[in-house]
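Here is the structure we will look at, set down as structure tokens.
The values are calculated or read from the model by the stated rules, or taken from the named source; none is laboratory data. Fair warning: this is a prediction, and the values are worked out from it, not measured in the lab. All Cβ positions, glycine included, derive from the backbone under ideal geometry; neighbour counts span all protein chains shown. Just the protein is used for accessible areas: all its heavy atoms, side chains included, with ligands, DNA and RNA removed. Shrake-Rupley method; radii C 1.70, N 1.55, O 1.52, S 1.80 Å.
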Amino acid sequence: MATRRKAAKAKSRAAAKKSAKKVVALKAKKPAAKAAAGNGHPRPSTKPWGQAGRALDGVRILDFTHVQSGPTCTQLLAYMGADVIKVERPGVGDITRTQLRDVKGQDSLYFTMLNGSKRSITIDSKHPKGKEILDRLVKQCDVLVENFAPGALDRMGLTWEHINKLNPRMIVASVKGFGPGPYEDCKVYENVAQCAGGAASTTGFRDGPPLVTGAQIGDSGTGLHLALGIVSALYQRVRTGRGQKVLCAMQDGVLNLARVKLRDQQRLAHGPLTEYSQYGEGVPFGKATPRAGNDSGGGQPGWIVKCKGWETDPDAYIYFITQAPVWGAICDLIGKPEWKTEPDFATPPARLPRLRLIFDTIEQWTTTKTKFEVMDICNKHDIPVGPILSMKEIAEEQSLRATGTVVEVDHPGRGKYLTVGNPIKLSDSPADVRRSPLLGEHTDEILRKVLGLSDREVAEIKVSGAITAPEKAAKAEAA
């Protein structure tokens, strides 16, 4: 009996000890449980709006981009708070630093307006120590972005297999001209992409040649697509724990932006495109989506019409849309109240064959007023119009400065310049718009703070030539 009592007491003590451990463990878990609110998500921040950090704080980008498509992408991510480390060739850097220079000896606006809020490190990727630095950076970064010619990254030794082995969480994002197919090895620039993506064939007037647009839909448009792909891959990584490849082809990006023209190509099989002005002029359609001048491309007919001063001002024009719900107000403004009830004008289908006459009549009214007067009058009646704004007018527009769409930054070499801020506004993540870096400006800082190298290691790297340009090349570049 005594033996049984002893065994029971020992069992009781063990159970009590186990229970105590559970209590301690639960207490230790309490703060984490308190921090979460349903489905494991963190509780809403109690910090004031705009002071809870930026959207991409903690994300580090290894930026191997140059010219426009890649830098557009990485600059946008930098504006969102990512730490973007731009890798450049010692003594040379991004080719756009010297292209289209307007201030002698200083980085061009081409470069500064595409590389704000980034850090620059110079590395010779062919140097053994340079390769070692790159490998160490791959381990410390979340995303590698490149827009080299096909195969260039592989020739540097940074194959997907090598990167994935060093850092399985790394996302490798690339801009290429074409996707897999017969043209994937071709080099592509902005206007080539606009042509290959279907934009040029559908831009311009039908009796003129194809035209490219002033908007950089091939380069910057693809950069924006790539940024979305990167953020999506980062989100998926939260769930899977691994990185992946992200590819955006410029041809694909342009086609995505020109999708309504692919829509019209399919509609052609079922008859003429009645909203195109050539329908009302009796001009037959061919086998492909035609160029449509200033036709709106949607269900609401629109056209660019002249305004007061057009004879001397090339931008004294306004885009005018004859939206059906405000047709009556339009008729009253342009002095044609009878069109509200006349069978040839009273309904949208009846108006389609007569668009040229309608817009000629509207233009007789708009030429008596400035584009801003037309806008003020039409907005009171909910008539959709848009003034043709010159780049000078945009640069001087104070409302765009106030919203951070146009930003003035100060550069140590060239002084103040305007750049385009973050076009995406987040209410709890202020944009981080800073000047572009000087070539290699942050090399020392990145080696020490990102890679954690000692003074001795940094000194050895500097002496090795892995981060500096060969003397002859440097002198030639400076000249």
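The table below lists the values:
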| item | result |
| --- | --- |
| C-alpha long axis of helix 455-464 to longest principal axis of the chain, angle in ° | 60 |
| Additional length obtainable on full extension of the chain from Lys287 to Val103, 0.36 nm per residue less Cα span | 61.3 nm |
| Angle in degrees between helix 371-380 and the longest Cα principal axis of the chain, rounded to the nearest 10 | 80 |
| Length gained when the stretch Leu357-Lys462 is fully extended (0.36 nm per residue, less Cα-Cα span) | 30.6 nm |
| Full-extension gain in nm, Glu445 to Ala395, via 0.36 nm per residue minus C-alpha separation | 14.5 nm |
| Charge dipole of the chain about the Cα centre (unit charges at C-beta), most positive-ward option of Ala258, Thr203, Ile133 | Ile133 |
| Residue-normalised accessible area of the range 29-161, expressed per residue, 1.4 Å probe, Å² | 48 |
| Accessible-area order (highest first, 1.4 angstrom probe) of the listed residues Asp207, Asp313, Asp63 | Asp207, Asp313, Asp63 |
| Relative packing of peptides 378-385, 428-435 - highest average C-beta neighbours within 10 Å first | 428-435, 378-385 |
| Share antiparallel - DSSP beta bridges, the chain, percent rounded to 5 | 45 |
| Accessible surface, the range 242-381, averaged per residue in Å² (probe 1.4 Å) | 53 |
| Karplus-derived HN-Hα couplings along the range 423-433 (A = 6.51, B = -1.76, C = 1.60, θ = phi - 60°), whole Hz, x at Gly and Pro | x, 9, 9, 10, 5, 10, 9, x, 5, 9, 9 |
| Efficiency of FRET from Cβ geometry, Thr341 and Asp382, R₀ 25 Å, rounded to 0.05 | 0.75 |
| 0 to 90° range, to nearest 10: angle between helix 219-240 axis and the chain longest Cα axis | 40 |
| Filter on Lys139/Lys187; Lys336/Lys371; Lys187/Lys245 - keep pairs with C-alpha separation over 25 Å | Lys139/Lys187 |
| Answer label, with mean projected area of the Cα convex hull in nm² calculated from the coordinates and candidates (1) 47.0; (2) 37.7; (3) 24.9 | (2) |
| Highest to lowest packing among 258-269, 414-425, scored as the average C-beta count within 10 Å | 414-425, 258-269 |
| Alpha-carbon centroid distance for the pair the range 314-349 / the range 160-226, whole angstrom | 40 |
| Residues whose placed amide H lies under 5 Å from that of His411, excluding near-sequence neighbours | Lys416, Tyr417 |
| Computed Kirkwood radius, in angstrom, where 1/r is averaged over Cα pairs of the range 121-273 | 17.5 |
| Whole-percent carbon and sulfur share, accessible surface of the chain, 1.4 Å | 57 |
| Rounded to the nearest 20 debye, dipole of the chain from Cβ charges on Lys, Arg, Asp, Glu | 4920 |
| Sites Gln236 and Arg43, calculated FRET efficiency, Cβ-Cβ separation with R0 25 Å, nearest 0.05 | 0.55 |
